[in-house]
There are 4 protein chains.
Amino acid sequence: MIETDPGAKHEHGYIHNKDAYLKRLRRIEGQARGLQRMVEEEQYCIDILTQVSAMTKALQSVALGLLDDHLNHCVVDAAREGGPEADIKVKEASDAIARLVRS
Amino acid sequence: MIETDPGAKHEHGYIHNKDAYLKRLRRIEGQARGLQRMVEEEQYCIDILTQVSAMTKALQSVALGLLDDHLNHCVVDAAREGGPEADIKVKEASDAIARLVRS
Amino acid sequence: MIETDPGAKHEHGYIHNKDAYLKRLRRIEGQARGLQRMVEEEQYCIDILTQVSAMTKALQSVALGLLDDHLNHCVVDAAREGGPEADIKVKEASDAIARLVRS
Amino acid sequence: MIETDPGAKHEHGYIHNKDAYLKRLRRIEGQARGLQRMVEEEQYCIDILTQVSAMTKALQSVALGLLDDHLNHCVVDAAREGGPEADIKVKEASDAIARLVRS
């Protein structure tokens with residue numbers, strides 16, 4: 001994957017909450033392993049679907065957190081600095097929001 | 001979690017595709033680890049969000065597959081056998097669909 | 001639009017709740033008119049978005065109701081009658097569910 | 001409904017595209033009427049669900065457009081002016097995004 005924004009590395013909004021995000025993502029990884037165990041043990045389809053919905057919600061919640069941090073830091077900072085950078089940041093954020101809403 | 005339907009263990013629709021589901025879930029587990037690496041390396045928020053959307057789509061696709069297998073086997077079989085079991089199966093399936101649509 | 005299933009007209013599950021569905025759809029039509037009024041009056045974007053989310057939820061709820069009625073009647077009936085019709089009905093229902101989950 | 005932001009009336013981002021939004025919302029109102037006709041005529045459930053999905057997509061597309069206009073104007077302008085207003089605008093936008101993603 002292309003590192004879209006190498007220069008801004010130290011200002012990413014989510015960095016302030018890095019440990020919390022890592023913890024949530026490790027829990028999501030655990031949910032993926034739990035689903036494999038359920039399939040291995042041939043558990044009931046509806047129970048597996050319930051866990052898939054819970055995992056999807058957890059992922060969406062991480063996405064909404066990252067997006068909020070991004071708007072609060074990267075987008076607001078770019079707007080303050082002025083210039084065309086703010087337009088690019090808003091376009092990127094809008095595209096990411098569309099992908100989330102449609103996924 | 002409660003095993004909702006212990007008696008029907010051997011007929012679950014998805015069993016026919018068990019290996020394929022396990023492979024897809026292992027790939028999803030890999031995506032969860034990839035996201036942790038991206039956060040560790042402090043990659044760009046928008047790039048992380050793109051990966052979260054891809055992972056959400058992969059999870060939804062597993063859910064839609066499981067649901068299709070469930071309708072084709074558990075629900076159709078219960079309808080054929082007659083009795084109140086079909087109503088219960090349809091109610092369970094509708095509730096699972098509602099959770100998916102709203103997650 | 002192609003009428004996919006002309007022969008089964010009298011058995012559609014939702015017919016039993018026809019008046020309730022019409023009432024809900026009229027309310028949704030009213031929400032669409034309310035949104036136009038908000039845009040005409042140049043109301044605040046976030047307030048408009050709140051109404052769009054409420055309207056989307058109302059639509060989804062209609063869809064989930066129709067789907068539940070469909071599974072309970074058309075799919076269960078086709079399964080009981082036996083033959084290839086049940087497979088076709090389940091395939092149609094799964095495709096409709098996928099469109100809902102992805103929309 | 002409470003007019004959350006009366007003072008900023010003349011700067012709403014979507015105003016530049018007001019006619020286009022009104023046109024899209026009138027088409028959505030027409031889709032709501034079309035759905036009532038389908039139910040009145042007792043058309044096939046799956047065909048009705050297809051139209052519900054199309055209408056949901058049209059609504060989501062309006063929401064994503066409004067949100068993009070909002071970020072480009074209200075949020076960027078508030079960030080440029082400085083002060084606590086930018087935080088409030090980002091919080092509002094994040095909440096609206098969460099409602100969209102979860103609806």
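The values are calculated or read from the model by the stated rules, or taken from the named source; none is laboratory data. Predicted model, so just to flag it, every value in this text is computed and none were measured. Backbone-built Cβ (ideal geometry, glycine too); neighbour counts: all protein chains shown. With ligands, DNA and RNA removed, areas are computed over all heavy atoms of the protein, side chains included. Shrake-Rupley method; radii C 1.70, N 1.55, O 1.52, S 1.80 Å.
Anything in the stretch C:71-84 that is crowded, with 16+ Cβ neighbours inside 10 Å and not small (Gly, Ala, Ser)? List them, or say none. Across the stretch C:71-84, the qualifying residues are C:LEU71, C:ASN72, C:HIS73, C:CYS74, C:VAL75, C:VAL76, C:ASP77.
Restricting attention to the stretch D:66-88, the residues being at the interface with chain A (Cβ under 9 Å from one of its Cβ atoms) and not hydrophobic (A, V, I, L, M, F, W, C) number 6.
So that you can scan it fast, the table gives a plain yes or no per residue for (1) under 16 Å from the mean Cα position of the chain (by Cα); (2) in contact (Cβ under 8 Å) with a residue 24 or more places away in the chain:
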residue	(1), (2)
D:HIS16	yes, yes
D:ARG37	no, no
D:GLU42	no, no
D:THR50	no, no
D:LEU66	yes, yes
D:VAL76	no, no
D:ARG80	no, no
D:PRO84	no, no
D:SER94	yes, no
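Among the residues of the stretch D:26-39, write down those that are open to solvent by 40 Å² or more (accessible area, probe 1.4 Å) and either facing another protein chain (nearest Cβ under 7 Å) or of a type in the set (Lys, Arg) (or both).
If the condition is that a residue be open to solvent by 40 Å² or more (accessible area, probe 1.4 Å) and either facing another protein chain (nearest Cβ under 7 Å) or of a type in the set (Lys, Arg) (or both), then D:ARG26, D:ARG27, D:ARG33, D:ARG37 are the ones that fit.
I'd like the residue in the stretch D:16-25 that is out of contact with any Lys or Arg (no Cβ under 9 Å at 6 or more places or on another chain) and either surrounded by 11 or more Cβ atoms within 10 Å (Cβ to Cβ) or at pLDDT below 50 (or both) and, out of all such residues, is farthest from C:ILE28 (Cα to Cα).
The qualifying residue farthest from C:ILE28 (Cα to Cα) is D:HIS16.
Candidates in the stretch B:55-70 are the residues that are closer than 19 Å to D:VAL101 by Cβ and touching a helix residue (DSSP H, G or I) at 6+ places or on another chain (Cβ under 7 Å); of these, the one that is surrounded by the fewest Cβ atoms within 10 Å (Cβ to Cβ) is B:ALA58. Checking each residue in the stretch A:10-47 for being of a type in the set (A, V, I, L, M) and touching a Cys at 6+ places or on another chain (Cβ under 9 Å) picks out only A:ILE46. Among the residues of the stretch C:89-99, those identified as closer than 30 Å to C:LEU35 by Cα and either more than 9 Å from chain B (Cβ to nearest Cβ) or open to solvent by less than 10 Å² (accessible area, probe 1.4 Å) (or both) are C:ALA96, C:ILE97, C:ARG99.
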